[in-house]
Amino acid sequence: MADPIEVQLLNASIERVWNEHDDVLRLAAIGEIYHPSATIYEPARPVTGHEAISEVVAGVLAGMPPGFRFEVTGPTLGHHGVSVTRWEGGPPGEVTVSGADAVRVADDKIIEHYFFFDPPSPDVSADGLEP
């Protein structure tokens, strides 16, 4: 049985939009995955429209170290046009940010995308023990 469209779209968004450094390819992916009037909701602000969403992604990726990727740690769950998943991001072998995403789908495209970030973990000393 195929995953519901809301699950497919959320996973595709993380892979094809939030990991894409090429502006042209990312904007094309946004056009396929996001509704024309889509809004993303970061904790500090909402952003609406394909171009604006692409600019946010470009800014996020520009500030990340080489090899940085977002990966779904799943499972991605969804029904009735809504899906949620957990993710981690970082360069290979390292997690520098983690959280969860939720989306709402309309007309077979993401119309609302919400981001939730885990609080930073406490520093760990060289011996693996917390200070």
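How would segment 5-117 be classified by its alpha-carbon gyration tensor: rounded, prolate or oblate, with rounded meaning a/c under 1.5 and the a/b versus b/c comparison settling the rest? Kindly include the intermediate steps, with their values, before the conclusion.
Numbers: a/c = 1.65, a/b = 1.21, b/c = 1.37.
Note, shape of segment 5-117 comes out oblate.
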remark   = The size of the Cβ-based charge dipole (Lys, Arg +1; Asp, Glu -1) of the chain about the Cα centre, to the nearest 20 debye, is 260 debye
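Looking at the chain, what % of its DSSP beta bridges pair antiparallel, to the nearest 5? Walk me through the intermediate numbers first.
Values: 26 of 30 bridges.
Here the antiparallel bridges make up roughly 85 percent for the chain.
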inquiry  = Charges on Cβ only, +1 for Lys and Arg, -1 for Asp and Glu, centred on the Cα centroid of the chain; of 111, 65, 44, which one is farthest towards the dipole's positive end?
reply    = 111
key: Expected 222 nm ellipticity per residue - DSSP helices of 4 or more, -39500 (n - 2.57), all of the chain, to 500   = -7500 deg cm²/dmol
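Here, each number is a calculation from the coordinates, and none is a lab measurement. Nothing here was measured: the structure is a model prediction, and the numbers come from that model. Every residue, glycine among them, receives a Cβ derived from its backbone with ideal geometry; neighbour counts consider all protein chains shown.
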